[in-house]
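So the structure is just underneath, and the comments pick up after that.
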Ligand code: HEC
Ligand code: HEC
Ligand code: HEC
């Protein structure tokens, strides 16, 4: 009796086969609708993660993408990027959407600790929430990798994360990206790509006394570890105002503009991991925006790219040797035995163009010899950028004195003769390429700087308080 009643009930609610197939179709359709935007969001997130170089900076071992461990050198020591794969215990698997947005825009970790600005959240602060969430969707679609956070190499007091509150008070500005309505769409897109996603200022803008980006001198030239990230304002001499649109485009897209500049060191990485993957429209937009960045003068008296054979090559070993002491002669010998095979005795580059000319090249033409020294020490990893070759590192073969002599030879003959370097300078720069020694050398300076930073941060805070007290009715 009971049984038949249940059967009756079932018969009443069981839909006819046609209804079933219709509802399955509807279900599938709505599933497709759900996954389609998700696939689109993931694709968008991948592109944004390229433009913001989350990929490059959070990967140290290419077979473990996003697992972190990439060294970011700072004036205070080394900070390592952390795991942003969806791993639950060591990655971002447990970050909620809000927590993730807070980490990227405000530099706050899931457990509430402050992140070091080696993660460029001062630039990312103006990223739209929608874009941050698209990046999150992309990251969550990656395979999780177990990789605990590496220990940073920071001396006291810089290993105290609470001190970053002061840094943030002075340097972190919240509030989204506010487009200037009088500008074209391309300019606005360029501004967002350069200022926010590309965080170009993290390297190219000089730091102020509290080690934040000096906004009054945006893009006037800064540091990336030991490397000099040149002035890229529209100034015709110190910046890139003398470059054509096409040259700027080509540099950003490929890192190589014969007769002008080649991207080495951190800029080669930026091109390799980020810029070469962006659409031509986006690169054009960035170039258009850079064209318009207010000019800032600098140390250079003539454009970096404008130097030809400064001293004339014929005398490289002879009369200049006499004029500049034995260093120049030794420099000529080193250059001819190690470098001229690729770069040519006259610095004009290899016949097939694979090794660049050192004349009319912004690195030897800069007022500071740092990038020439770093190129000799570390070589160039042009990586998988189309048509480019890499250059071996000579740091292991040459001592500090030899590197200095060689670098001085290169700048004196092919670039800016005012750029001089000593063996002692090279010792410091070389130390900057290896973690432990950098910190030993820098710790002393850093400790001294620290007192000043804390004081300045407190003063800034005080000034802000006073100002806001003033504004209130
Ligand atoms: C210039 C290098 C750099 C870039 C570019 C960068 N990060 Fe980071 N990121 C770091 C470093 C370094 C840390 C660790 C900082 C610390 O421990 O205080 C970090 C930490 C994080 C954390 C905190 C994870 C945790 O729990 O430790 C998240 C989330 C994060 N980054 C996401 C991103 C995203 C998303 C992007 C791209 C939009 C990005 N990062 C781009 C260097 C970078
Ligand atoms: C991680 C640090 C870093 C970041 C981020 C970075 N750059 Fe650079 N950039 C450098 C360094 C270092 C050089 C000098 C490279 C050399 O000497 O070969 C450079 C060189 C350049 C040059 C050539 C200047 C010259 O006179 O030779 C341009 C243009 C440039 N960068 C634009 C950009 C733009 C646009 C962005 C943002 C998308 C950017 N850079 C992001 C470090 C960086
Ligand atoms: C096997 C060939 C080869 C040798 C030998 C070689 N280089 Fe290079 N060099 C290259 C290539 C390739 C590049 C990078 C091209 C690029 O970035 O696309 C380069 C780049 C450079 C740059 C330009 C970096 C920039 O940012 O514009 C300098 C400076 C330089 N080399 C100096 C030297 C010196 C000094 C020596 C001798 C110690 C030397 N090179 C030996 C092939 C070589």
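Read-outs: derived from the displayed coordinates by stated rules, not from any lab. Since we're looking at a predicted model, the values are computed, not measured. Cβ sites come from the backbone with ideal geometry, for glycine too, and all protein chains shown count toward neighbours.
Is segment 174-243 best put as rounded, prolate or oblate by its Cα gyration tensor, with a ≥ b ≥ c the root eigenvalues, rounded for a/c under 1.5, and otherwise prolate when a/b is larger than b/c, oblate when not? Display every interim value, and only then the final one.
Values: a/c = 2.11, a/b = 1.31, b/c = 1.62.
Verdict is oblate for segment 174-243.
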Over its alpha-carbon atoms, segment 83-159 yields an Rg and a Dmax in Å of 12.9, 38
Taking 0.36 nm per intervening residue step and subtracting the Cα-Cα distance, what contour gain separates residue 38 from residue 216 on full extension?
60.0 nm
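State whether segment 115-229 is rounded, prolate or oblate according to the following rule on the C-alpha gyration tensor (a ≥ b ≥ c being the square roots of its eigenvalues): a/c under 1.5 gives rounded; otherwise a/b larger than b/c gives prolate, and the remaining case gives oblate.
Values: a/c = 1.83, a/b = 1.14, b/c = 1.60.
Cα axes put segment 115-229 in the oblate bin.
Report the extension gain between residue 109 and residue 88 in nm, rounded to one decimal, defined as 0.36 nm multiplied by the number of residues separating them, less their alpha carbon distance.
6.1 nm
Please tell me the relative contact order of segment 219-317 in percent, rounded to the nearest whole number, where contacts are Cα pairs under 8 Å and at least six residues apart.
Working: 126 pairs, mean separation 34.4, N = 99.
For segment 219-317, the relative contact order is 35 percent.
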For segment 80-126, what is the Kirkwood estimate of the hydrodynamic radius, computed as the reciprocal of the mean inverse distance between distinct Cα atoms, to one decimal in Å?
10.8 Å
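Order these peptides, 334-342, 43-51, 399-407, 370-378, by their mean beta-carbon neighbour count within 10 angstrom, highest first. Working shown, then result.
Details: 334-342: 16.0, 43-51: 20.0, 399-407: 22.1, 370-378: 24.3.
The densest-packed peptide leads the list: 370-378, 399-407, 43-51, 334-342.
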Tell me, how many Å apart are the Cα centres for segment 66-83 and for segment 214-250?
25 Å
Extension length gain for residue 207 and residue 381 (0.36 nm per residue less Cα distance), in nm, is 59.9 nm
Can you tell me the relative contact order of segment 165-262? Whole percent, Cα pairs under 8 Å, sequence separation 6 or more.
15 percent
Quick calc, residue 295 & residue 452: beta-carbon distance into FRET formula, R0 35 Å, rounding 0.05, result 0.70
Using a simple spin-label model with points 7 Å from Cα along the Cα→Cβ vector, what separation in nm is obtained for residue 178 and residue 162?
3.4 nm
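From the square roots a ≥ b ≥ c of the eigenvalues of the alpha-carbon gyration tensor of segment 34-189, which class results: rounded (a/c under 1.5), prolate (a/b over b/c), or oblate? Don't skip to the end; give the middle numbers.
Details: a/c = 1.81, a/b = 1.15, b/c = 1.58.
Oblate shape, in that a/c is at least 1.5 and b/c is the bigger or equal ratio.
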